[in-house]
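Enquirer: Structure provided below as structure tokens; questions to follow.
The values are calculated or read from the model by the stated rules, or taken from the named source; none is laboratory data. Computed from a prediction, not measured in an experiment: that's the story for all the values here. Cβ sites come from the backbone with ideal geometry, for glycine too, and all protein chains shown count toward neighbours.
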Amino acid sequence: MRRHATQPESAPVSMRTVILDIQTDGSMTVTIDGASYLPEEGAWVRASFPQIIDHASDERTVPVRVEVHEADGTSFTELLPARSPRPEPAAEPAPKRKKDKPASPALIEITGEGFVAGEDVACCVIVSHTDATPHGTARAVLEPKQVKGVGEVVLVGRISGTVVTRRLP
């Protein structure tokens with residue numbers, strides 16, 4: 001009888017659980033992996049969501065399962081994946097001589113409103129991602145070569161579900 005090769009042990013999967021219990025006045029209680037997470041002052045409100053998720057996910061390096069329990073009895077669950085580590089900025093190259101300096105690329109800006117402050121916003125044709133501002137506005141800046149032959153771009157809020165469609169020039 002032939003024995004199977006020993007399989008290497010897989011790394012443990014780690015996902016934090018955040019539970020948001022929304023009260024009728026809009027305040028909320030927060031637990032992370034069963035432990036209460038209290039604000040430094042005042043009460044948690046919906047606008048605190050990005051701050052809570054950044055804390056629970058170690059600045060988006062750990063995936064998070066979010067359960068939201070609304071005051072009216074409805075609830076929903078969302079899984080927020082960890083972001084890929086962003087590369088360190090490269091050291092600035094030596095300045096080029098004036099005649100070698102390439103022209104700056106033209107950029108296309110796409111904006112939309114109605115997003116949750118700080119949420120990830122997908123820019124579809126998916127060539128990049130962006131974050132919403134504290135005012136719920138998202139902005140994507142694209143190079144024309146990224147959208148060559150594309151007539152429209154869609155911004156999709158990963159938390160709010162907001163979808164904004166913009167026609168390209």
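Enquirer: Can we say GLY112 is in the same structural domain as ILE22 (by TED's automatic domain parsing), farther than 19 Å from VAL18 by Cβ and either over 24 Å from the mean Cα position of the chain (by Cα) or at pLDDT 85 or above (or both)?
Expert: Numbers: in the same structural domain as ILE22 (by TED's automatic domain parsing): no; farther than 19 Å from VAL18 by Cβ: yes; either over 24 Å from the mean Cα position of the chain (by Cα) or at pLDDT 85 or above (or both): yes.
No, not satisfied.
Enquirer: From the residues in the range 145-163 that are in contact with a strand residue (DSSP E or B) (Cβ under 6 Å, 6 or more places away or on another chain) and surrounded by fewer than 19 Cβ atoms within 10 Å (Cβ to Cβ), which one is nearest to THR61 (Cα to Cα)?
Expert: Of the range 145-163, the ones in contact with a strand residue (DSSP E or B) (Cβ under 6 Å, 6 or more places away or on another chain) are 152-158, 163.
Applying the additional criterion that residues be surrounded by fewer than 19 Cβ atoms within 10 Å (Cβ to Cβ) yields 152, 154, 158, 163.
Details: GLU152: 32, VAL154: 26, ARG158: 17, VAL163: 26 Å.
Checking each candidate, the answer is ARG158.
Enquirer: What strands (runs of 3 or more DSSP E) completely inside the range 1-80 contain at least 2 residues that are at pLDDT below 85 and under 22 Å from GLY161 (Cα atoms)?
Expert: On the way: elements: 16-22, 27-32, 64-69, 75-80.
The strands (runs of 3 or more DSSP E) meeting that bar are 75-80.
Enquirer: Which of the residues that make up the range 141-169 are of a type in the set (A, V, I, L, M, F, W, C) and not in a loop (DSSP other than H, G, I, E, B)?
Expert: To start, the set of residues in the range 141-169 that are of a type in the set (A, V, I, L, M, F, W, C) comprises 141-142, 147, 150, 153-156, 159, 163-164, 168.
Passing the criteria: VAL141, LEU142, VAL147, VAL153, VAL154, LEU155, VAL156, VAL163, VAL164.
Enquirer: Every residue in the range 112-140 that is part of a loop (DSSP other than H, G, I, E, B) and in contact with a Ser or Thr (Cβ under 9 Å, 6 or more places away or on another chain), please. Break it down stepwise before answering.
Expert: Applying the first criterion (part of a loop (DSSP other than H, G, I, E, B)) to the range 112-140 yields 114-119, 125-127, 132-136.
GLY114, PHE115, VAL116, ALA117, GLY118, GLU119, ALA132, GLY136 - these are the residues of the range 112-140 that are part of a loop (DSSP other than H, G, I, E, B) and in contact with a Ser or Thr (Cβ under 9 Å, 6 or more places away or on another chain).
Enquirer: Looking only at residues in the range 134-169 that are touching a Phe, Trp or Tyr at 6+ places or on another chain (Cβ under 8 Å) and among the β-branched types (Val, Ile, Thr), which one is nearest to VAL68 (Cα to Cα)?
Expert: Looking at residues that are touching a Phe, Trp or Tyr at 6+ places or on another chain (Cβ under 8 Å) and among the β-branched types (Val, Ile, Thr), I get ILE159.
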